[in-house]
Amino acid sequence: MAFVVDSSDWNFNGRSSDQVQIVIERFLDQLAKATECGERVWIGDALQSRAVRGTNDLWSLRDADSDLQLNPEIWQELAAYLGRSLHYLDEEHWPDNFDDINISIDGGSPSDNEDVAWAHHNVQAGTAVACIGLWRSGLFQTTSNHGSVEVRWLYDERSKAEFWRSAIVLEGDTQADLVRLAHRAYPNLYFHLDVLNKADEFNGGYHANAPELKRYLENLSDYGAWVFTAPPPAETQQDPRFGTGSPTSQLIQRRFELIGLVVAPENPDVFRDGRCRRAREIEVEMKTLYCEWHCKLQGHQNRIHIHGPIRESGDKVVVAIFAVHLPLPGY
């Protein structure tokens with residue numbers, strides 16, 4: 001799994017210097033974040049040789065008389081990246097049918113596109129690969145002589161998370177795939193120890209609960225930190241009302257309800273019962289957390305116990321415990 005730069009999206013015709021500089025800076029930011037996360041980004045031979053503005057290739061635009069003027073630092077960063085980048089043609093294993101590079105994107109006219117063909121045929125073989133362009137973003141149907149698949153073009157960190165979420169499904173949708181990809185698919189969650197390895201211990205097992213489990217993790221990652229920390233009285237992120245202080249438990253529960261999640265705190269009697277309290281406690285960076293908030297995958301069973309963001313979790317919502325049901329007082 002990795003990303004491939006779509007050189008066909010490097011088209012600067014009709015674009016101003018400012019427009020081009022903005023998209024290349026965003027592109028370089030994506031590369032920097034991918035490198036930081038240990039994610040591979042491939043390029044093909046066409047990126048540095050194809051015409052990107054009129055008949056000019058990328059590097060000829062660096063000339064002093066070019067009508068496209070970018071900051072020198074942009075050219076230096078591009079040169080540094082492209083000089084050490086991975087080339088997919090150097091890979092030992094190529095996807096089946098990679099010789100078929102005539103690709104249609106979103107119903108457009110087919111054209112030879114080796115970069116997109118690399119992503120297309122990998123996805124067709126069940127390996128998650130996304131494209132990084134400059135202007136194009138989102139999910140598109142790509143078609144070759146060997147069939148159609150959906151390939152994602154990345155734009156920002158949100159689209160990258162969506163890619164990794166789809167990769168869990170594409171690559172098998174097993175508990176092992178969840179464990180392998182969850183930290184990238186749900187980047188705003190802190191997963192406690194081996195909690196992800198407990199997903200198969202839900203009543204019904206992983207597969208029966210996977211859709212709801214992933215829906216909860218997705219929404220917790222996207223909205224959970226805001227739900228736990230945004231000042232009252234706002235109930236949604238679109239609510240214009242803004243105050244000060246911390247939200248009440250009632251408001252937190254209401255916010256979760258409005259994004260379609262059933263999340264509630266435990267009754268105070270649970271905390272007062274030592275056996276029940278300890279069953280809900282974890283340790284993060286030597287700090288003991290009582291994880292009273294629990295997501296209900298079903299009304300009567302299968303719980304995800306969570307804790308709000310703390311400094312020790314990197315200000316991420318803590319996913320603490322997967323359980324069919326933790327003990328209650330008197331049981």
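The values are calculated or read from the model by the stated rules, or taken from the named source; none is laboratory data. Treat the numbers as computed from the prediction; the structure is a model and nothing was measured. Neighbour counts are summed over all protein chains in view; Cβ atoms, including those assigned to glycine, are modelled from backbone coordinates with ideal geometry. Ligands, DNA and RNA are stripped out before the accessible areas are found, and what is left, the full protein with its side chains, is counted by its heavy atoms. Shrake-Rupley method; radii C 1.70, N 1.55, O 1.52, S 1.80 Å.
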Relative to the longest principal Cα axis of the chain, at what angle does helix 157-170 sit, 0 to 90 degrees, rounded to 10?
-> 80 degrees
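Over the chain, average the accessible area per residue using a 1.4 Å probe and give it in Å², no decimals. Let's see the in-between values first.
Numbers: 16100 Å² over 331 residues.
The answer is 49 Å² per residue.
In whole percent, how big is the carbon plus sulfur part of the accessible area of the stretch 199-273, probe 1.4 Å, protein atoms only? Could the numbers behind the result be given before it?
Working: 2030 of 3980 Å².
C and S atoms contribute 51 percent here.
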In vacuo Debye scattering of the stretch 153-272, one point per C-alpha: log10 I(q)/I(0) at q = 0.10, 0.14 Å⁻¹?
-> -0.38, -0.72
For the chain, find the longest principal axis of its Cα atoms and tell me its angle to the long axis of helix 249-258, 0 to 90°, nearest 10.
-> 50 degrees
How are the Cα pair distances of the chain distributed, in percent, across 20 Å bins from 0?
-> 27, 47, 24, 2, 0
List R241, R277, ordered by accessible area with a 1.4 Å probe, largest first | R241, R277
Of the listed pairs K214/K316; K287/K316; K33/K316; K214/K287; K296/K316, which have alpha-carbon separations greater than 23 Å here?
-> K214/K287
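Ignoring ligands, DNA and RNA, how do K214, K296 rank by accessible area with a 1.4 Å probe, largest first? Write out the running numbers ahead of the final one.
Numbers: K214 30, K296 60 Å².
The ranking, largest first, comes out as K296, K214.
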Ordered by number, the chymotrypsin sites (Phe, Trp or Tyr not before Pro) in the stretch 202-270 that occupy a DSSP loop and have at most 12 other Cβ atoms within 10 Å are F242
Any chance you could look up the accessible area of R275 with a 1.4 Å probe, heavy atoms only, rounded to 10 Å²?
-> 110 Å²
Helix 205-229: inclination vs the chain longest Cα principal axis, degrees, rounded to 10, gives 90 degrees
Virtual spin-label span in nm between Q298 and S109, 7 Å along Cα→Cβ | 5.6 nm
Which value, in Å² and to the nearest 10, is the accessible area of L139 when all protein chains are kept and the probe is 1.4 Å?
-> 80 Å²
W118 accessible area, assembled protein chains, probe 1.4 Å, Å² | 0 Å²
When the solvent-accessible surface of protein heavy atoms is calculated with a 1.4 angstrom probe, in what order do W94, W75 fall, highest first?
-> W94, W75
Taking every other residue with Cβ under 10 Å from the Cβ of P247 and scoring Lys and Arg +1, Asp and Glu -1, one gets +1
Rounded to the nearest 5, what is the percent of antiparallel bridges among the DSSP beta bridges in the chain?
-> 70 percent
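Determine the gain in length on full extension of the stretch L139-D96; use 0.36 nm per residue of separation and subtract their C-alpha separation, reporting nm with one decimal. Spell out each step's value before the answer.
Numbers: separation 43, 0.36 × 43 = 15.48 nm, distance 2.22 nm.
In short, 13.3 nm is gained.
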